[in-house]
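Down below is the structure, laid out as structure tokens.
The values are calculated or read from the model by the stated rules, or taken from the named source; none is laboratory data. Predicted model, so just to flag it, every value in this text is computed and none were measured. Here the Cβ positions follow ideal geometry from the backbone for every residue, glycine too, while neighbour counts run over all protein chains shown.
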Amino acid sequence: MFYSRSEGKKAFFNDNKVKQFSEVVGQMPVVVLSLDDMEIMYGYSNERRKWLDILISLIDPLYLSALKKYKRTLIQKNKQLANDFPDKEEISAWNIQLAAYGAEIIKKRVDIANEINRELAEVYQNISGDHKQVEIKYLCKTETNLYDAEKIREALLIGYEKDFFNEKIRKLTLTGPHKDDVLFYKDNYPIKKFGSVGENKTFLIALKILEQRLIKRKTGKTPLLLLDDIFGELDNERVHNFLGLVENDGQTFITTTNFQRMNTIIEMDFHHFNVTEKGIAYAPTLH
């Protein structure tokens, strides 16, 4: 990938120019865990939706297609709502499309959340060493049977009709998957509010492990795991347990400003590189 002022942004895959970035989504999957990802735990709902959307898009190209169509349709509907006198018939036409794409998105989000929950508690406990029960919950503002795409579609249509007056005032679409959230719980309490920083980070690490496993299971491709200086607030036992879980799951790259600590924890064979302002240099391990 490269960028120039004259030609803009261009991307190539195996020496072939990529017309749309969606063409290469999932071709070489990577799971990244950095301090910025703590926004998934502590940030606004859009951060959690983005996390879930990226994960599902990596394993399901049809989801990415539905997501793009939903966003384009949403923009068109909101443009109509921005008018002083929005055309109700045109809005209804956009609502039909939004409901179809939105139902597909919500159903697949709920399905993947349930799949994560099947293993989440076990992975969390293997890292933390305790027996806390953890889970994720998909918070859908459309009340219906979330396991039935047709019922979701019907409920979305009803919601759009009910919200028309408020949407006309707000000039925004108030119902749909772009308003939903993903909530994280420990022992039935929101971990964001009642958990420590270490517990929230452990929860996030468990999610990332399951990201890697789901991508491998669904696509047959083992993602690279990139860990960017994320072991603060975690004791050595949790770091050791985590690394043990990913030891045999493909390549893992770890950045740290405290190599001495990591060297005492890591038991597997590894290559060590020093990154300085002068560049990157291979360094012998002290293992």
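Among the conditions (1) surrounded by 21 or more Cβ atoms within 10 Å (Cβ to Cβ); (2) closer than 18 Å to H131 by Cα; (3) in contact (Cβ under 8 Å) with a residue 12 or more places away in the chain; (4) touching a strand residue (DSSP E or B) at 6+ places or on another chain (Cβ under 8 Å), K201 misses just one, which is (4).
For segment 25-47, residues that are within 18 Å of I230 (Cβ to Cβ) and either assigned to a helix (DSSP H, G or I) or without any contact (Cβ under 8 Å) to a residue 24 or more places away in the chain (or both) total 10. Could you list, in sequence order, the residues of segment 241-260 that are assigned to a helix (DSSP H, G or I), buried (at least 16 other Cβ atoms within 10 Å of the Cβ) and of a type outside the set (A, V, I, L, M, F, W, C)? Listed by number, the list holds a single entry, N241. Please indicate, with yes or no, whether at least one residue in segment 218-237 is in contact with a Pro (Cβ under 8 Å, 6 or more places away or on another chain), buried (at least 18 other Cβ atoms within 10 Å of the Cβ) and within 30 Å of F273 (Cα to Cα). The answer is yes; a qualifying residue exists.
Looking across segment 154-174, just one residue is closer than 22 Å to Y63 by Cβ and assigned to a loop (DSSP other than H, G, I, E, B), and that is T173.
Looking across segment 82-100, the residues that are of a type in the set (A, V, I, L, M) and without any contact (Cβ under 8 Å) to a residue 60 or more places away in the chain come down to A93, A100. Between E143, E150, the distinction of being of a type in the set (D, E), closer than 17 Å to D111 by Cα and at pLDDT 95 or above belongs to E150 only. When segment 188-204 is limited to residues that are at pLDDT 95 or above and among the aliphatic types (A, V, I, L, M), the one that is farthest from the chain's Cα centre (by Cα) turns out to be I191. Among the residues of segment 73-117, count how many are part of a helix (DSSP H, G or I) and over 18 Å from L157 (Cα atoms). Here the count works out to 11. It is to be established whether one or more residues within segment 48-58 are within 30 Å of E199 (Cβ to Cβ), more than 11 Å from the chain's Cα centre (by Cα), part of a helix (DSSP H, G or I) and modelled with pLDDT of 95 or more. No, segment 48-58 contains no residue that is within 30 Å of E199 (Cβ to Cβ), more than 11 Å from the chain's Cα centre (by Cα), part of a helix (DSSP H, G or I) and modelled with pLDDT of 95 or more. Of the residues making up segment 213-240, those that are more than 15 Å from Y124 (Cβ to Cβ), part of a helix (DSSP H, G or I) and modelled with pLDDT of 90 or more are L214, I215, K216, R217, K218, T219. I'd like to know if segment 139-153 contains one or more residues that are part of a helix (DSSP H, G or I) and over 30 Å from R213 (Cα atoms). Yes: one or more hits.
Conditions (1) farther than 16 Å from T175 by Cβ; (2) crowded, with 16+ Cβ neighbours inside 10 Å; (3) among the aliphatic types (A, V, I, L, M), marked per residue:
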{"position": "A66", "(1), (2), (3)": "yes, yes, yes"}
{"position": "L74", "(1), (2), (3)": "no, yes, yes"}
{"position": "W94", "(1), (2), (3)": "no, yes, no"}
{"position": "A100", "(1), (2), (3)": "no, yes, yes"}
{"position": "I106", "(1), (2), (3)": "no, yes, yes"}
{"position": "V110", "(1), (2), (3)": "yes, yes, yes"}
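Residue count for segment 145-175, restricted to those that are buried (at least 17 other Cβ atoms within 10 Å of the Cβ) and on the phi > 0 side of the Ramachandran plot: 0.
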